[in-house]
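Chemist: Please find one structure pasted underneath; my questions will follow.
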Amino acid sequence: MALVAALAAGVLVAGRSTRPMRRMATAASAVDAGDLSTRMSPEGPVEARRLAESFNHMLDRLEEAFARQRAFTSDASHELRTPLTSIRGQIEVLSRSRHKASPEEVAATAAVVTREVDRMKRLVDDMLLLAQLDEGLAHDPRPTPVEDLLADAVSGLSGGLDREIEVRSAPRGTVPADRDRITQVIRNLIRNSVEHTAPGGAINVAASPGVNGAVEISVSDDGRGIPMADRERIFVRFHRVERARDRQSGGAGLGLAIARAIVEAHGGRIWADDAPEGGARITFRLPGYRPDDA
């Protein structure tokens with residue numbers, strides 16, 4: 001009788017001990033079948049509850065990652081379909097009038113097709129860069145003068161923009177940065193300001209020492225500004241503050257996403273707020289700033 005009682009107690013204890021593992025096995029089977037909404041209830045001993053919470057947290061991250069991937073694929077397909085539709089329409093119009101088309105019409109069609117192909121190339125290049133950033137940015141941070149970063153970014157951008165770009169301040173010091181990548185960030189911010197300011201508007205670039213040995217670089221404008229609800233979403237891929245805005249003038253919505261990825265790869269942070277001029281200001285912070293007199 002003692003042996004039977006001991007066996008029964010052992011079976012009971014083993015069943016209760018392995019119950020969380022059986023629940024996890026059931027949840028894992030559901031996830032393997034494609035159901036990412038499955039969650040484990042945090043029950044049982046402390047270790048089992050911790051395991052269930054970690055498992056649920058992992059599923060939350062997986063579900064969010066798959067949702068981002070689906071949204072990215074959908075948006076990318078839509079962005080590529082727009083120029084392809086325009087190119088096809090131009091070619092069809094030209095083919096229907098091939099016996100009557102004048103050299104001017106052919107040149108106009110060629111200009112439209114070339115512009116759309118250039119847009120597709122820029123979009124594909126940006127998507128490839130984002131894929132590289134997801135895999136880990138290959139960058140080479142070296143001590144770089146902050147003044148040189150601002151000068152490189154602004155140089156050559158003023159011509160043809162019909163905007164006044166002014167470098168207001170730049171501290172004399174260095175920051176560990178990949179010069180080409182950070183220049184790309186500043187230029188992306190300037191182009192974003194150009195898209196949201198009227199012709200003749202003012203765009204200001206400035207830098208100043210930040211907290212905890214960092215440097216803060218900002219680009220501000222006197223445009224319409226960014227609504228409070230959109231100040232975090234503007235850094236999401238393919239997001240536009242004005243959804244109805246023409247894609248030809250508004251871009252694909254990847255410039256700020258690329259800027260954030262590059263800044264975060266440098267260990268920094270980027271955010272948006274109100275500019276003193278009344279428009280928008282986007283600032284990013286890079287660690288490791290050293291003034292020249294240090």
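Chemist: Quick check: the angle from helix 103-135's long axis to the longest principal axis of the chain, C-alpha only, nearest 10 degrees?
Modeler: Result, in degrees: 40.
Chemist: While we're looking at this one, here's another question. Tell me what the chain gives for mean residue ellipticity at 222 nm when only DSSP H runs of n ≥ 4 count, each as -39,500 (n - 2.57), the sum divided by the residue total, rounded to 500 deg cm²/dmol. Spell out each step's value before the answer.
Modeler: Working: 7 runs with 156 residues, N = 294.
-18500 deg cm²/dmol, from helical runs alone.
Chemist: Of the listed values (i) 58; (ii) 65; (iii) 70, grab the one calculated as percent of Cα pairs over 22 Å apart from the structure here.
Modeler: Calculated percent of Cα pairs over 22 Å apart: the matching label is (iii).
Chemist: How do 200-212, 105-117, 25-37 rank on mean C-beta neighbours within 10 Å, highest first?
Modeler: Working: 200-212: 16.9, 105-117: 14.2, 25-37: 12.0.
Top of the packing list down: 200-212, 105-117, 25-37.
Chemist: Accessible area per residue for the chain in Å², computed with a 1.4 Å probe and the full protein assembly in place, what is it? Write out the running numbers ahead of the final one.
Modeler: On the way: 17140 Å² over 294 residues.
So the chain comes to 58 Å² accessible per residue, rounded to a whole number.
Chemist: How do Lys100, Lys121 rank by accessible surface area computed with a 1.4 Å probe, from largest to smallest? Mind showing how you got there, number by number?
Modeler: Working: Lys100 180, Lys121 125 Å².
Largest to smallest exposure gives the sequence Lys100, Lys121.
Chemist: First compute the accessible area of the chain with a 1.4 Å probe, then give the percent of it belonging to carbon and sulfur atoms. Walk me through the intermediate numbers first.
Modeler: On the way: 9450 of 17140 Å².
With neighbouring chains kept in place, the figure for the chain is 55 percent.
The values are calculated or read from the model by the stated rules, or taken from the named source; none is laboratory data. From a predicted model like this one, the values you see are computed outputs, not experimental measurements. With ideal geometry, Cβ positions are generated from the backbone for all residues, glycine too; neighbour counts draw on all protein chains shown. Remember, those area values only see protein heavy atoms, side chains included, never the ligands or the DNA or RNA. Shrake-Rupley method; radii C 1.70, N 1.55, O 1.52, S 1.80 Å.
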